[in-house]
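The values are calculated or read from the model by the stated rules, or taken from the named source; none is laboratory data. Since we're looking at a predicted model, the values are computed, not measured. Here the Cβ is made from the backbone with ideal geometry for all residues, glycine too, and neighbour counts use every protein chain on show.
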2 protein chains.
Amino acid sequence: MEIIQPRLPKGMRDILPQQMVLRQHALRIVEETFAEFGFEPLVTPAVELSEILLGKYGGDSEKLIFFVQHPGGKEDLALRYDLSVPLSRVVAQYPELPKPFRRYQIAPVWRAERPQKGRYREFYQCDADIVGTASMLADAEIIALVYTILRRLGFQQFATLINNRKLLTGIGQYSGVPDARLPGLYRAIDKYERLGLKGVRKELRQEGLDATAVDRLCDLIWPADGRPASLESLRAELGHLPLAREGIDELQELLGYLPSLGVEASCYRFDLAMVRGLDYYTGPIYETVVEEPRIGSITGGGRFDGLVGRFSKQSYPATGTTIGIERILDILAERPTFSARETLVEVLVTVFSPDLVTDSLKLMSELRESGLRCELYYETDPLGTQIRYALKKGIPMLVILGPDELSAGQVAVRDLQAKSQTNVDRAAVAEYLSARLDQATDT
Amino acid sequence: MEIIQPRLPKGMRDILPQQMVLRQHALRIVEETFAEFGFEPLVTPAVELSEILLGKYGGDSEKLIFFVQHPGGKEDLALRYDLSVPLSRVVAQYPELPKPFRRYQIAPVWRAERPQKGRYREFYQCDADIVGTASMLADAEIIALVYTILRRLGFQQFATLINNRKLLTGIGQYSGVPDARLPGLYRAIDKYERLGLKGVRKELRQEGLDATAVDRLCDLIWPADGRPASLESLRAELGHLPLAREGIDELQELLGYLPSLGVEASCYRFDLAMVRGLDYYTGPIYETVVEEPRIGSITGGGRFDGLVGRFSKQSYPATGTTIGIERILDILAERPTFSARETLVEVLVTVFSPDLVTDSLKLMSELRESGLRCELYYETDPLGTQIRYALKKGIPMLVILGPDELSAGQVAVRDLQAKSQTNVDRAAVAEYLSARLDQATDT
């Protein structure tokens, strides 16, 4: 029979057990924090009807959608591109869901981006959203959620940048930019880090703004004195424009809640130049950047009050965030503390000789019952080979049940990290192993 | 803007938060037991190259594969159909993985089956497999794993039926069935429950067996005296055929290990008529049926020593099982004990009046820090409305922080199930809530 070369599609990857140690640790922190914040899990299918996805993200994004079909199938299907559009469909489809609807979803999404280091065509998103309230308390909770998760993951220097699409639209009005040109405006502002002020000015001209509009806009966002625009100064300049005023009011209310939610002052700030890429945001927007080491955004979100309305006459305000877990994991993997463990298996149960197999099986069943993660050595190899296997795989503890131990009612326990071996009474061995493993984790 | 009707592709579904309470509970038991048995997590992409999947499952199964493409993409892609073929690809692709390779994977697979009640085109499989050992200890561990998971899920009357493809092939040889006809033989035997002996005999004749072969075969599998064939009687009849003898030896060794692994005698038995559907099995096969209430199989697996060899010259023996979590959940959902909770949220934090919002926020942050799952009530509604919301959503506990409580350094705690309210000192409120919630779960 012909051998098929084992390989992956372009831009896809496997996540092997050794990489899963850190990944599972981080995802559990994310999921537990979601739950503490009152979010509940939702599962939607990977495959959606194409019409649900198309027309929501903006033209460039949509080119990246994967389509799905099966022989004889009559539906136009696609793999989900994010978790916000499926959420909006769900809210529209089940009007009976209690509001506010607070859901989290940790799941892969698919985008046919040009493959590059650290970027995959299937990647996981961790989303938490609140649908059915326009309260700024909801937006404040989302920012507190991000803060709590990043702190628990061990991040020190990071900041959530906060802005508001209403304020940005107001600035557009103030500068004479028609609403239809706003996406181009956002795109241009977004390039400041890369192109600098001069580059952004050029982009804005190319987006069709006249020189006066470009001047007014850039003077507001990047004032000549180098000090970032404050909400107070913006209120003085733009307060006469209803939409700008609404955006400023929302921001002040939102920022006012954060101290009571325990978010440290150094970890958030208003940033008029932060715009977010996607088309569907309508109010507050937020994006978290790690400041040391300096890397791009690791979470992003905002209010998307219009999205449910794309699927139902009954619209609902909504806000939420995506935690960019893949980039976060890349950062965590660089830390020495996390790379220590190679396996989640805690105990290797050796087999002394073929006639003692069933004794080892009984011992192993007991250890597992007490919650220890045990692997059995299957072959009838010398003990030295079995020990080398445990060392190679990084299993920290090993138990031996030979004729001497059996007759003494004991088990030999070898700690492969401390390189020590002790005989322990059979009845106490599970407790002994747990204690040593706890100790090893603490240090 | 045109409203798109919110709907799902044929045969797909959403799993809403209320359904997730039970689902998460069950999946955690499965995952924890996998880990205790020394299995480690593996993630593979949903999308594989088509050539990896095609030619592995048998013709009828392959018609159900979903294909994937993106505009401009040059690869033939497909959604995975099971988790065993991706595992085999992984083992061939990363020869450096330590053997035996024990991995679990809990993930959706896609099959374009005709939609029917309780059957979905995207459904989750829970697989545990051991690659790189031919030892019957591995097969015994898989059966013990299934036993432990089902017991922990609360199943009482179930049995894992155990057979061996080598023995079945030997029976084919004994009856004069050429190897190429074996898949047809399995298919015919598999229909006994539905068609009865007469029907199976007819099927076997249609598969090309002559009358003598059919007689010999049926007399072995369904003896005239109604007593199922024993391994001893089969050894007497078939012991001269090397493959049959090997199958019988394997079965006896495997069955011999199960008591030491704690598997109760009532929960497994040899069953010569259990054949399994898929083509790729090579040795022991197993399938668990629930006997009360009488429903079909809820787990299935076996040895597939040839599958890695489809992707590499270096082949590895392998064995494992799929836990049919969707069917298991259908059964668990019928039990009254599990349908009790409607939400995972434990505490609703009410807001007494707009000027006391920040006090409620501080209280909530403290409760969350101590691990309680809290939701905040966002709107400035009367307390009665807030309480009705908690009742409607099924949140068990509610806290109130009004001016009286604030000045007394207390919090009012309302237990919505016990219909009681108590004032608790602020410093003790998290502990008080946890204790009451634990109590409620126990009863």
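Worth pointing out:
- Flag if residue B:411 is modelled with pLDDT of 95 or more, more than 39 Å from the chain's Cα centre (by Cα) and not small (Gly, Ala, Ser): yes
- Within the range A:152-171, being surrounded by fewer than 22 Cβ atoms within 10 Å (Cβ to Cβ) and over 30 Å from residue A:25 (Cβ atoms) holds for one residue alone: A:169.
- Of all the listed residues (A:27, A:54, A:22), the sole one being of a type in the set (A, V, I, L, M, F, W, C) and either modelled with pLDDT of 95 or more or within 22 Å of residue B:109 (Cα to Cα) (or both) is A:27.
- The range A:270-315 - residue that is under 22 Å from residue A:150 (Cβ atoms) and over 21 Å from the mean Cα position of the chain (by Cα) and, of those, modelled with the lowest pLDDT: A:273
- Enumeration of residues in the range A:360-388 that are assigned to a helix (DSSP H, G or I), more than 8 Å from chain B (Cβ to nearest Cβ) and touching a helix residue (DSSP H, G or I) at 6+ places or on another chain (Cβ under 6 Å): A:367
- Residue match in the range B:3-21 (condition: acidic (Asp, Glu) and either more than 7 Å from chain A (Cβ to nearest Cβ) or surrounded by 21 or more Cβ atoms within 10 Å (Cβ to Cβ) (or both)): no
- Scanning the range A:22-38 for residues that are facing another protein chain (nearest Cβ under 7 Å) and not small (Gly, Ala, Ser), we see that the one that is surrounded by the fewest Cβ atoms within 10 Å (Cβ to Cβ) is A:24.
- The residues on offer are A:430, A:435, and the sole one that is surrounded by 20 or more Cβ atoms within 10 Å (Cβ to Cβ) and within 38 Å of the chain's Cα centre (by Cα) is A:430.
- Scanning the range B:44-69 for residues being part of a helix (DSSP H, G or I) and more than 7 Å from every other protein chain (Cβ to nearest Cβ) gives a total of 6.
- Odd one out for residue B:108 among (1) modelled with pLDDT under 95; (2) touching an Asp or Glu at 6+ places or on another chain (Cβ under 6 Å): (1)
- Test: residue in the range B:70-79 that is facing chain A (nearest Cβ under 7 Å), touching a Ser or Thr at 6+ places or on another chain (Cβ under 8 Å), buried (at least 16 other Cβ atoms within 10 Å of the Cβ) and part of a strand (DSSP E or B): yes
Yes or no, residue by residue, for (1) in contact (Cβ under 8 Å) with a residue 40 or more places away in the chain; (2) over 24 Å from residue B:134 (Cβ atoms); (3) of a type in the set (Lys, Arg):
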position	(1), (2), (3)
B:30	yes, yes, no
B:51	no, yes, no
B:79	no, yes, no
B:93	yes, no, no
B:96	no, no, no
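- Qualifying residue in the range B:373-395 (condition: more than 20 Å from residue A:133 (Cβ to Cβ), buried (at least 16 other Cβ atoms within 10 Å of the Cβ) and assigned by TED's automatic domain parsing to the domain that holds residue B:428): no
- Residue in the range B:69-77 that is closer than 29 Å to residue A:49 by Cα and either touching a residue at least 40 places away in the same chain (Cβ under 8 Å) or outside the structural domain of residue B:315 (by TED's automatic domain parsing) (or both) present: no
- Condition broken by residue B:41, with the remaining ones in (1) more than 7 Å from chain A (Cβ to nearest Cβ); (2) in contact (Cβ under 8 Å) with a residue 60 or more places away in the chain satisfied: (1)
- Flag for residue A:262 being away from every other protein chain (no Cβ under 12 Å) and among the small types (Gly, Ala, Ser): no
- Matching residues, the range B:56-69, being surrounded by 15 or more Cβ atoms within 10 Å (Cβ to Cβ) and more than 22 Å from the chain's Cα centre (by Cα): B:67, B:68, B:69
- Qualifying position, being within 21 Å of the chain's Cα centre (by Cα), more than 9 Å from chain B (Cβ to nearest Cβ) and free of Cβ contacts under 8 Å to residues at least 24 places away in the same chain, among A:119, A:151: A:151
- Residue A:145 vs. criteria touching a residue at least 12 places away in the same chain (Cβ under 8 Å) and buried (at least 24 other Cβ atoms within 10 Å of the Cβ): yes
- Pairing residues of the range B:241-263 that are over 26 Å from residue A:366 (Cα atoms) with residues that are in a loop (DSSP other than H, G, I, E, B), at Cβ distances under 6 Å and at least 6 apart in sequence or on separate chains, gives B:245/B:239.
- Considering residues of the range B:349-372 that are free of Cβ contacts under 8 Å to residues at least 12 places away in the same chain and either over 25 Å from residue A:41 (Cβ atoms) or among the aliphatic types (A, V, I, L, M) (or both) only, the residue surrounded by the most Cβ atoms within 10 Å (Cβ to Cβ): B:357
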